[in-house]
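One structure is given here, and the rest of the page talks about it.
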Amino acid sequence: MTGIAIRVDGLTKVYGSVRAVDDVTFSAEPGRITGFLGPNGAGKSTTLRMLLGLVRPDAGTARFNGRAYRDLPNATATVGAVVDLAAAHPATTARGHLRTYAALGGHPATRVAEVITTTGIDGFADRRVGGYSTGMKQRLALATALLGEPRVLVLDEPSNGLDPAGIVWLRNFLRDFAAAGRTVLISSHLLTEVQHSVDDVVLINNGRIAWAGPLTEVTAAGGTLEETFLSITQEGALR
Ligand SMILES: Nc1ncnc2c1ncn2[C@@H]1O[C@H](COP(=O)(O)OP(=O)(O)O)[C@@H](O)[C@H]1O
Ligand SMILES: [Mg+2]
(Lines give C-alpha, C1' and ligand atoms only; values in the text may rest on other atoms or scores of the structure.)
(Ligands and ions follow the chains in the order given, each with its own letter.)
Protein backbone atom coordinates (compact mmCIF):
# COMPACT_ATOMS: atom_id res chain seq x y z
CA MET A 1 0.00 0.00 0.00
CA THR A 2 1.44 3.34 -1.05
CA GLY A 3 1.46 6.03 1.59
CA ILE A 4 -0.15 9.36 0.87
CA ALA A 5 1.44 12.60 1.99
CA ILE A 6 -0.56 15.79 2.43
CA ARG A 7 1.18 18.98 1.32
CA VAL A 8 -0.29 22.37 2.07
CA ASP A 9 1.60 25.23 0.48
CA GLY A 10 0.94 28.93 0.98
CA LEU A 11 -2.78 28.50 1.64
CA THR A 12 -4.51 31.80 2.23
CA LYS A 13 -8.15 32.76 2.83
CA VAL A 14 -9.37 36.27 3.54
CA TYR A 15 -12.89 37.03 4.83
CA GLY A 16 -13.44 40.79 4.63
CA SER A 17 -10.78 42.27 6.88
CA VAL A 18 -9.94 38.91 8.53
CA ARG A 19 -6.97 36.92 7.23
CA ALA A 20 -8.51 33.64 8.42
CA VAL A 21 -5.65 31.59 6.92
CA ASP A 22 -2.45 33.42 6.04
CA ASP A 23 0.25 31.74 3.93
CA VAL A 24 -0.08 28.38 5.70
CA THR A 25 2.46 25.71 4.73
CA PHE A 26 2.86 22.29 6.33
CA SER A 27 2.78 18.59 5.52
CA ALA A 28 1.38 15.42 7.05
CA GLU A 29 3.23 12.17 6.41
CA PRO A 30 1.96 8.61 5.99
CA GLY A 31 2.35 6.36 9.02
CA ARG A 32 2.04 9.34 11.36
CA ILE A 33 -0.64 11.25 13.21
CA THR A 34 -0.32 14.97 12.63
CA GLY A 35 -2.07 17.30 15.07
CA PHE A 36 -3.18 20.63 13.60
CA LEU A 37 -3.50 22.61 16.79
CA GLY A 38 -4.45 26.08 17.90
CA PRO A 39 -7.10 28.10 19.75
CA ASN A 40 -10.64 28.74 18.55
CA GLY A 41 -10.62 31.04 15.54
CA ALA A 42 -7.01 30.19 14.62
CA GLY A 43 -7.96 29.05 11.11
CA LYS A 44 -7.97 25.25 11.50
CA SER A 45 -11.40 24.52 10.03
CA THR A 46 -10.91 26.95 7.15
CA THR A 47 -7.60 25.28 6.27
CA LEU A 48 -9.11 21.78 6.39
CA ARG A 49 -12.07 22.94 4.28
CA MET A 50 -9.68 24.28 1.64
CA LEU A 51 -7.77 20.99 1.75
CA LEU A 52 -11.03 19.15 1.03
CA GLY A 53 -12.17 21.52 -1.73
CA LEU A 54 -15.08 22.89 0.35
CA VAL A 55 -13.70 26.44 0.48
CA ARG A 56 -11.87 28.09 -2.41
CA PRO A 57 -8.44 29.44 -1.41
CA ASP A 58 -7.41 33.00 -2.26
CA ALA A 59 -3.89 31.66 -2.74
CA GLY A 60 -1.91 28.48 -2.31
CA THR A 61 -2.41 24.77 -2.87
CA ALA A 62 -3.33 21.68 -0.88
CA ARG A 63 -2.50 18.28 -2.33
CA PHE A 64 -2.63 14.55 -1.61
CA ASN A 65 0.44 12.98 -3.27
CA GLY A 66 0.42 15.89 -5.71
CA ARG A 67 -3.31 15.92 -6.46
CA ALA A 68 -5.98 18.34 -5.29
CA TYR A 69 -8.91 16.65 -3.53
CA ARG A 70 -11.26 17.34 -6.43
CA ASP A 71 -8.82 15.70 -8.86
CA LEU A 72 -8.64 12.42 -6.92
CA PRO A 73 -10.19 9.68 -9.09
CA ASN A 74 -12.28 8.19 -6.27
CA ALA A 75 -12.00 10.76 -3.51
CA THR A 76 -13.92 8.96 -0.74
CA ALA A 77 -11.88 5.78 -1.31
CA THR A 78 -8.68 7.78 -0.80
CA VAL A 79 -9.51 10.42 1.80
CA GLY A 80 -11.98 10.00 4.66
CA ALA A 81 -12.99 13.33 6.14
CA VAL A 82 -15.15 14.67 8.94
CA VAL A 83 -15.51 18.44 9.02
CA ASP A 84 -19.23 18.76 9.70
CA LEU A 85 -21.48 16.72 12.00
CA ALA A 86 -24.74 18.04 10.53
CA ALA A 87 -24.69 15.76 7.46
CA ALA A 88 -27.05 13.00 8.67
CA HIS A 89 -30.80 13.60 8.45
CA PRO A 90 -32.39 13.43 11.94
CA ALA A 91 -35.15 11.06 10.77
CA THR A 92 -32.77 8.44 9.40
CA THR A 93 -30.85 5.81 11.36
CA ALA A 94 -27.07 5.44 11.35
CA ARG A 95 -27.45 2.29 9.29
CA GLY A 96 -29.71 4.05 6.78
CA HIS A 97 -27.32 6.99 6.55
CA LEU A 98 -24.37 4.66 5.99
CA ARG A 99 -26.24 2.68 3.31
CA THR A 100 -26.96 5.90 1.43
CA TYR A 101 -23.36 7.06 1.61
CA ALA A 102 -21.99 3.63 0.64
CA ALA A 103 -24.18 3.77 -2.49
CA LEU A 104 -23.21 7.38 -3.26
CA GLY A 105 -19.51 6.59 -2.93
CA GLY A 106 -19.74 3.35 -4.90
CA HIS A 107 -18.57 1.31 -1.89
CA PRO A 108 -19.83 -2.25 -1.27
CA ALA A 109 -22.91 -2.48 0.96
CA THR A 110 -21.01 -4.95 3.13
CA ARG A 111 -18.91 -2.03 4.36
CA VAL A 112 -21.92 -0.69 6.31
CA ALA A 113 -21.90 -3.47 8.92
CA GLU A 114 -18.09 -3.36 9.04
CA VAL A 115 -17.82 0.35 9.87
CA ILE A 116 -20.65 0.03 12.40
CA THR A 117 -18.56 -2.56 14.23
CA THR A 118 -15.27 -0.69 13.77
CA THR A 119 -16.64 2.49 15.31
CA GLY A 120 -18.60 0.69 18.05
CA ILE A 121 -21.99 2.10 17.12
CA ASP A 122 -23.78 -1.29 16.98
CA GLY A 123 -25.83 -0.38 20.05
CA PHE A 124 -27.58 2.57 18.42
CA ALA A 125 -27.16 2.01 14.66
CA ASP A 126 -30.90 1.40 14.22
CA ARG A 127 -32.07 4.41 16.21
CA ARG A 128 -32.97 7.78 14.71
CA VAL A 129 -30.00 10.13 14.35
CA GLY A 130 -32.15 12.97 15.73
CA GLY A 131 -31.76 11.55 19.23
CA TYR A 132 -27.98 11.13 19.10
CA SER A 133 -25.56 12.88 21.44
CA THR A 134 -22.62 14.77 19.94
CA GLY A 135 -20.36 11.82 20.74
CA MET A 136 -22.67 9.41 18.90
CA LYS A 137 -22.71 11.77 15.90
CA GLN A 138 -18.91 11.91 15.97
CA ARG A 139 -18.75 8.12 15.75
CA LEU A 140 -21.31 8.03 12.94
CA ALA A 141 -19.39 10.70 11.03
CA LEU A 142 -16.19 8.68 11.42
CA ALA A 143 -18.01 5.52 10.30
CA THR A 144 -19.18 7.39 7.19
CA ALA A 145 -15.62 8.55 6.48
CA LEU A 146 -14.36 4.96 6.74
CA LEU A 147 -16.82 3.48 4.21
CA GLY A 148 -14.34 3.76 1.33
CA GLU A 149 -11.42 2.24 3.29
CA PRO A 150 -9.47 5.48 2.86
CA ARG A 151 -5.70 5.74 3.20
CA VAL A 152 -6.00 9.24 4.66
CA LEU A 153 -8.20 10.57 7.46
CA VAL A 154 -8.82 14.29 7.90
CA LEU A 155 -10.81 14.99 11.06
CA ASP A 156 -11.80 18.41 12.40
CA GLU A 157 -11.96 18.35 16.22
CA PRO A 158 -12.89 14.64 16.32
CA SER A 159 -12.89 14.33 20.10
CA ASN A 160 -15.45 17.10 20.65
CA GLY A 161 -18.37 15.58 22.54
CA LEU A 162 -16.68 12.22 23.15
CA ASP A 163 -16.66 10.88 26.70
CA PRO A 164 -13.31 9.82 28.23
CA ALA A 165 -13.75 6.22 27.05
CA GLY A 166 -14.54 7.49 23.55
CA ILE A 167 -11.42 9.65 23.54
CA VAL A 168 -9.24 6.68 24.48
CA TRP A 169 -10.98 4.54 21.87
CA LEU A 170 -10.41 7.20 19.17
CA ARG A 171 -6.75 7.58 20.14
CA ASN A 172 -6.18 3.81 19.81
CA PHE A 173 -8.13 3.64 16.57
CA LEU A 174 -6.08 6.44 14.98
CA ARG A 175 -2.86 4.86 16.28
CA ASP A 176 -3.70 1.57 14.53
CA PHE A 177 -4.83 3.40 11.39
CA ALA A 178 -1.49 5.24 11.14
CA ALA A 179 0.51 2.13 12.05
CA ALA A 180 -0.80 0.55 8.84
CA GLY A 181 1.04 3.26 6.86
CA ARG A 182 -1.94 5.56 6.54
CA THR A 183 -2.05 9.29 7.09
CA VAL A 184 -3.96 11.03 9.87
CA LEU A 185 -4.50 14.80 10.11
CA ILE A 186 -6.61 15.89 13.10
CA SER A 187 -7.34 19.35 14.39
CA SER A 188 -7.92 20.28 18.01
CA HIS A 189 -8.04 23.30 20.28
CA LEU A 190 -7.28 21.04 23.27
CA LEU A 191 -3.49 20.97 23.40
CA THR A 192 -3.28 19.00 26.64
CA GLU A 193 -5.53 16.25 25.38
CA VAL A 194 -3.73 15.64 22.08
CA GLN A 195 -0.29 15.65 23.70
CA HIS A 196 -0.67 11.85 23.97
CA SER A 197 -2.26 11.29 20.57
CA VAL A 198 -0.02 12.83 17.92
CA ASP A 199 3.41 12.22 16.37
CA ASP A 200 3.81 15.55 14.61
CA VAL A 201 2.57 18.96 15.63
CA VAL A 202 1.52 21.93 13.50
CA LEU A 203 0.65 24.94 15.66
CA ILE A 204 -1.51 27.65 14.12
CA ASN A 205 -2.38 31.00 15.67
CA ASN A 206 -4.18 33.97 14.09
CA GLY A 207 -4.14 32.23 10.71
CA ARG A 208 -0.38 31.72 10.68
CA ILE A 209 1.81 28.72 11.41
CA ALA A 210 3.53 29.36 14.74
CA TRP A 211 5.56 26.15 14.90
CA ALA A 212 5.74 22.73 13.24
CA GLY A 213 7.79 19.66 14.08
CA PRO A 214 7.75 16.28 15.76
CA LEU A 215 6.17 16.07 19.22
CA THR A 216 9.46 14.63 20.52
CA GLU A 217 11.08 18.02 19.93
CA VAL A 218 8.53 19.63 22.23
CA THR A 219 8.82 17.02 24.95
CA ALA A 220 12.64 16.84 24.69
CA ALA A 221 12.74 20.53 25.60
CA GLY A 222 10.99 19.54 28.83
CA GLY A 223 7.81 21.53 28.33
CA THR A 224 4.24 20.61 27.55
CA LEU A 225 2.62 21.40 24.25
CA GLU A 226 0.56 24.09 25.95
CA GLU A 227 3.62 25.78 27.47
CA THR A 228 5.42 25.65 24.14
CA PHE A 229 2.44 27.15 22.34
CA LEU A 230 2.13 29.98 24.88
CA SER A 231 5.83 30.80 24.83
CA ILE A 232 5.95 30.84 21.02
CA THR A 233 2.82 32.94 20.57
CA GLN A 234 3.71 35.39 23.35
CA GLU A 235 7.22 35.95 22.02
CA GLY A 236 5.79 36.28 18.54
CA ALA A 237 8.86 34.36 17.47
CA LEU A 238 8.95 32.19 14.34
CA ARG A 239 5.96 33.99 12.82
N1 LIG B 1 -17.46 31.77 6.24
C2 LIG B 1 -16.82 32.68 6.98
N3 LIG B 1 -17.10 33.99 6.85
C4 LIG B 1 -16.44 34.93 7.59
N5 LIG B 1 -15.47 34.64 8.48
C6 LIG B 1 -15.15 33.35 8.65
C7 LIG B 1 -15.80 32.31 7.91
N8 LIG B 1 -15.24 31.13 8.29
C9 LIG B 1 -14.32 31.42 9.23
N10 LIG B 1 -14.25 32.75 9.45
C11 LIG B 1 -13.32 33.43 10.36
O12 LIG B 1 -12.03 32.94 10.09
C13 LIG B 1 -11.29 32.76 11.28
C14 LIG B 1 -10.83 31.32 11.40
O15 LIG B 1 -11.98 30.50 11.62
P16 LIG B 1 -11.88 28.91 11.70
O17 LIG B 1 -11.12 28.43 10.52
O18 LIG B 1 -13.24 28.39 11.89
O19 LIG B 1 -10.99 28.70 13.01
P20 LIG B 1 -10.84 27.39 13.95
O21 LIG B 1 -11.39 26.23 13.23
O22 LIG B 1 -9.37 27.31 14.21
O23 LIG B 1 -11.58 27.70 15.21
C24 LIG B 1 -12.20 33.24 12.41
O25 LIG B 1 -11.90 34.59 12.67
C26 LIG B 1 -13.57 33.08 11.82
O27 LIG B 1 -14.48 33.97 12.42
MG1 LIG C 1 -12.83 24.88 13.85
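A quick yes/no check of all residues on (1) assigned to a helix (DSSP H, G or I); (2) without any contact (Cβ under 8 Å) to a residue 24 or more places away in the chain; (3) away from ligand 2 (no atom under 16 Å from the Cβ):
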| site | (1), (2), (3) |
| --- | --- |
| F36 | no, no, no |
| A42 | no, no, no |
| R49 | yes, no, no |
| V55 | no, no, no |
| A62 | no, no, yes |
| R70 | yes, yes, yes |
| P73 | no, yes, yes |
| T76 | yes, no, yes |
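Could you tell me whether any residue of region 159-178 is within 19 Å of T46 (Cβ to Cβ), within 16 Å of ligand 2 (Cβ to nearest atom), touching a residue at least 12 places away in the same chain (Cβ under 8 Å) and open to solvent by less than 30 Å² (accessible area, probe 1.4 Å)? Scanning region 159-178 turns up no residue that is within 19 Å of T46 (Cβ to Cβ), within 16 Å of ligand 2 (Cβ to nearest atom), touching a residue at least 12 places away in the same chain (Cβ under 8 Å) and open to solvent by less than 30 Å² (accessible area, probe 1.4 Å). Residues that are in contact (Cβ under 8 Å) with a residue 40 or more places away in the chain and either open to solvent by less than 40 Å² (accessible area, probe 1.4 Å) or part of a helix (DSSP H, G or I) (or both) within region 82-117 comprise V82, V83, L85, A87, A88, A94, H97, L98, Y101, A102, G105, H107, listed in sequence order.
Kindly evaluate E217 against the criterion of being acidic (D, E), farther than 25 Å from V14 by Cβ, away from ligand 2 (no atom under 16 Å from the Cβ) and open to solvent by 40 Å² or more (accessible area, probe 1.4 Å).
Taking the combined requirement at face value, the residue satisfies it.
Looking only at region 182-196, count every residue that is open to solvent by 30 Å² or more (accessible area, probe 1.4 Å) and either out of contact with any Leu (no Cβ under 8 Å at 6 or more places or on another chain) or within 16 Å of ligand 1 (Cβ to nearest atom) (or both) and tell me the total. Counting residues in region 182-196 that are open to solvent by 30 Å² or more (accessible area, probe 1.4 Å) and either out of contact with any Leu (no Cβ under 8 Å at 6 or more places or on another chain) or within 16 Å of ligand 1 (Cβ to nearest atom) (or both) gives 4.
The values are calculated or read from the model by the stated rules, or taken from the named source; none is laboratory data. For clarity, every value in this text was computed on a predicted model and none was experimentally measured. Ideal geometry is used to build each Cβ from the backbone, glycine not excepted, and the neighbour counts take in all protein chains shown. Quick note on the areas: whole protein, heavy atoms, side chains included, nothing else; ligands and nucleic acids left out. Shrake-Rupley method; radii C 1.70, N 1.55, O 1.52, S 1.80 Å.
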